[in-house]
Structures are given as structure tokens and as C-alpha cells.
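Have a look at the structure below, then the notes.
The values are calculated or read from the model by the stated rules, or taken from the named source; none is laboratory data. Predicted, not measured: the structure shown is a model, and the values here were computed from it. Cβ placement follows ideal geometry from the backbone for every residue including glycine, while neighbour counts extend to all protein chains displayed. Protein only, heavy atoms only, side chains kept; ligands, DNA and RNA dropped before computing areas. Shrake-Rupley method; radii C 1.70, N 1.55, O 1.52, S 1.80 Å.
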Amino acid sequence: MEPSVCVVGACNMDLVAYVPRMPVIGETLHGTKFQMGFGGKGANQAAQAAKLGTATTFIGRVGDDVFGHQFLDNFKKVGIRTDHVGVVSGVSTGVAPINVDQHGANSIVIVNGANDHLTENGPSLPPSGNQTDCALVLVVQLEVPLAPTLAALRLARAHGVVTIVNPAPAREGLPAELLALADIVSPNEPETHMLTGCPVDSEAALRQATETLMRQGPPCVVLTLGARGAALAVGSRFEQVPVGRTPAKVVDTTGAGDSFVGSFATLLAHHLLASATPGEQPRATLLRLLSSPHEGWTRLLACIRGANVCASMSVEREGTQCSYPTRDQLPAGLFETRL
Ligand code: RIB
Ligand code: NA
């Protein structure tokens, strides 16, 4: 068996304007540069997983237009399996106009287009299908409709596949089932605040917020904290994991969170395989690791450290997927799974 990751999510063509500062309402501002790039949180996470050399399947929708076909070509180029990427006629591929300021900070608008046409009964995600049973880890976000997202999570649960829910972009009024089906939830600070109503302004507050999240289902929380790295929470245990390297220059932080989630999922797949006992399903391995204070904690921290490195490398270059590191660009030892 090889480490494998399945991502259900959105494809957006990123239309990025680099600007000296964010425009205010009613203002016309000169940008310094324009670039298009393959984006969408799901597609980005899949691209990061594939760039790290992991077998990656993407489930999503593009429109039958120029962007859609460019997306399919790019998926193939990156090495992502596209059998479950449907082409929807009569709608446009998702797009994301993005402004990036001189500090690398961004503001993003997403226009879903074809992404909204992913349905739980669509040809590529039949409820009785088994697309995820070849994967060790399934990753979902909140950029495609909830019905197929929940269907994929249920399928994963039924097949003993580990689920990671990245609740982005933050949204209110989510069904309880979403977190109930999450083995690991990985929000950023605003998403944590939205999901819990808890303050997120200190380490103590964050720790409490993760406990509130865990009461909603997931036995493990991996919190992303931007430039401050990430934090791991399992039960009453909590640890902040700083990035551990300083980016040479912060050029563009767009999609850094997706680099983190995609590389975390990849590293987790490697560690699950390394730890699995014969015949053990991935989710059973994860649950065993979560209850083992030494091995589990060590492996999860290693996944977070590696994901921190990938995300911090991605901010040094413009764009999202094209800025993600490949495995040979990473410091040695990141994929070491021997304890
Ligand atoms: O997380 C970054 C992504 O969010 C961008 O690629 C954009 O497409 C939006 O989906
Ligand atoms: Na980048």
C-alpha cells in the first residue's frame, strides 16, 4: 500500500492583482502586476499533496470553458487523478479575483460557478461508490456544497478512512454532522471563532476553543495560526508548534493554509502507514495513535512541523499551487517516519 490522499473541493482560477495596498470602496487603484493561477482550496490542497509525491485523487467540478480545460491539463501535469473531476456545460469554472498587497496579505472573492454543481448523486460521487476507500486520508473544505461533502465524509467513515475537515471559508449554521464525521478538524483563528463563539486572542483562549471543538466530535484539532505556526490539541493536551523557519521574504500568503492542510494530510498518510498493524484500517490506526501519548503525539507533531515548513516556503513565492514546494525542495528528514 502507498500513502494516498483524496480531496473533495473547489477549483477556482485565481485572478491575482498585486497592489500597493487594498483599495477602499469607490476607489480606483493602480495595481503593479496581474497573474492567473490554479487555485481553489480543494484543488490547492490536492496539488500540494501531489507535489509531495503522494497518490492524490481530486473530486470536483469545472466548467466546459477555457479555464476548466486548463484545470484538467494542470491536474494531469501535477499528477492528480482526474477520473472524478466532472466537466459541467453551461456554467463557468470557479474564479477567484484576489488582491495581494505589498506585505503579501490578501483579500479574496470567490465565484463558485461549476463548483456548485458537485452533487452527492453526481456521476463521480455515488453514495454507494468507493472512491475514497483507496485513500488513507480524505480532506474536505467548505467551498463546494455541503451535500457531496457530507456524502464523502460518510463514505470515508464507512470505509475506515481518516477524515480531515478544513472548515474554510468560515461559514455559520453548519450541520452538526460535519464535525461529528471529522477525525481531525483544522480551522484557522477566525474559523475557530466562528465555529465555537469562543475568543481566540490568547493561548488560553485557543486551548479552550479547541476543547469546545472537540466536544462537537473530532478527537483531534490542528489549529493553523498563520505566521505563528500551528497548534495541536488532543483531549486535554495542547501544544503550539512554531514555524521553525523564517521565510526569506513574505511575497504572497494566498493559499498558504492550503499548503499546510495538503502537506499535513500527506505526512499523516505516511505516518499512518508506518504505524499500521497488518489489516488495520487507517482510522483505527489514527484512533490508536490519538490514545497513545508518546507515539501518537510524536507523529502528529512531526506532521505539523513538516506542514509548517511547506506553508512557510509557499509564502516566499507568488501564487498558490505554483508556489508550493515539491518533495525534493524540502529539508531532508521531513518524511522520516521512524520514531
Ligand atoms: O485558500 C486560497 C484559495 O482560496 C485561492 O486559491 C482561491 O481560489 C480561494 O479558493
Ligand atoms: Na505563495
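Condition first: closer than 15 Å to ALA182 by Cα and open to solvent by 20 Å² or more (accessible area, probe 1.4 Å). Now tell me which residues in region 218-234 satisfy that.
Within region 218-234, PRO219, VAL234 qualify.
Just to be sure before I move on: is SER263 within 16 Å of ligand 1 (Cβ to nearest atom) and either modelled with pLDDT of 95 or more or out of contact with any strand residue (DSSP E or B) (no Cβ under 8 Å at 6 or more places or on another chain) (or both) in the structure I sent?
Here the answer is yes, as SER263 does meet what is asked.
Given the options GLN48, GLN35, name the one that is in contact (Cβ under 8 Å) with a residue 12 or more places away in the chain, open to solvent by less than 30 Å² (accessible area, probe 1.4 Å) and within 16 Å of ligand 2 (Cβ to nearest atom).
Step by step, each of GLN48, GLN35 is checked, and only GLN48 is in contact (Cβ under 8 Å) with a residue 12 or more places away in the chain, open to solvent by less than 30 Å² (accessible area, probe 1.4 Å) and within 16 Å of ligand 2 (Cβ to nearest atom).
Give me the pairs, please: first residue somewhere in region 245-258 and open to solvent by 40 Å² or more (accessible area, probe 1.4 Å) and modelled with pLDDT under 95, second residue anywhere and among the β-branched types (Val, Ile, Thr) and more than 15 Å from ligand 1 (Cβ to nearest atom), beta-carbon distance under 7 Å, and either six or more positions apart or on two chains.
Hits for this filter: ARG245/VAL309.
Mind listing whichever residues of region 252-268 are closer than 22 Å to ILE110 by Cβ and within 15 Å of ligand 2 (Cβ to nearest atom)?
ASP252, THR253, THR254, GLY255, ALA256, GLY257, ASP258, SER259, PHE260, VAL261, GLY262 - these are the residues of region 252-268 that are closer than 22 Å to ILE110 by Cβ and within 15 Å of ligand 2 (Cβ to nearest atom).
Only one of VAL66, VAL78 is out of contact with any Gly (no Cβ under 8 Å at 6 or more places or on another chain), at pLDDT 95 or above, within 16 Å of ligand 1 (Cβ to nearest atom) and of a type outside the set (Ser, Thr, Tyr); which?
VAL78
Quick one: how many residues across region 81-98 are open to solvent by less than 30 Å² (accessible area, probe 1.4 Å), of a type in the set (Gly, Ala, Ser) and either at pLDDT below 95 or away from ligand 1 (no atom under 16 Å from the Cβ) (or both)?
Result for region 81-98: 1.
Condition (residue is within 13 Å of ligand 1 (Cβ to nearest atom) and either modelled with pLDDT of 95 or more or within 29 Å of ARG283 (Cα to Cα) (or both)) applied to region 115-130: is it met by at least one residue?
Yes, region 115-130 contains at least one residue that is within 13 Å of ligand 1 (Cβ to nearest atom) and either modelled with pLDDT of 95 or more or within 29 Å of ARG283 (Cα to Cα) (or both).
Which condition from (1) within 16 Å of ligand 1 (Cβ to nearest atom); (2) open to solvent by less than 30 Å² (accessible area, probe 1.4 Å) is the one that HIS271 breaks?
(1)
Identify, please: which residue in region 294-331 is surrounded by fewer than 16 Cβ atoms within 10 Å (Cβ to Cβ) and not in a loop (DSSP other than H, G, I, E, B) and is, among those, nearest to ligand 2 (Cβ to nearest atom)?
So, considering only residues that are surrounded by fewer than 16 Cβ atoms within 10 Å (Cβ to Cβ) and not in a loop (DSSP other than H, G, I, E, B), the one nearest to ligand 2 (Cβ to nearest atom) is GLN329.
Being within 16 Å of ligand 2 (Cβ to nearest atom) and open to solvent by less than 30 Å² (accessible area, probe 1.4 Å) is the filter; apply it to region 99-120 and report the residue that is farthest from CYS6 (Cα to Cα).
ASP101
Among the numbered conditions (1) open to solvent by 40 Å² or more (accessible area, probe 1.4 Å); (2) within 16 Å of ligand 1 (Cβ to nearest atom); (3) farther than 20 Å from ALA227 by Cα; (4) at pLDDT 95 or above, tell me where ARG171 comes up short.
For ARG171, the failing item is (4).
Being within 16 Å of ligand 2 (Cβ to nearest atom) and on the phi > 0 side of the Ramachandran plot: is that true of GLY279 here?
When the stated conditions are applied, GLY279 does not pass them.
What are the residues in region 184-228 that are part of a loop (DSSP other than H, G, I, E, B) and closer than 17 Å to SER263 by Cα, if any?
SER186, PRO187, ASN188, LEU225
For residues that are closer than 30 Å to PHE38 by Cβ and open to solvent by less than 10 Å² (accessible area, probe 1.4 Å), tally how many sit in region 274-285.
Of the residues in region 274-285, 0 are closer than 30 Å to PHE38 by Cβ and open to solvent by less than 10 Å² (accessible area, probe 1.4 Å).
Identify the residue in region 317-332 that is in contact with a helix residue (DSSP H, G or I) (Cβ under 9 Å, 6 or more places away or on another chain) and more than 16 Å from ligand 1 (Cβ to nearest atom) and, among all such residues, is farthest from GLN48 (Cα to Cα).
Checking each candidate, the answer is PRO331.
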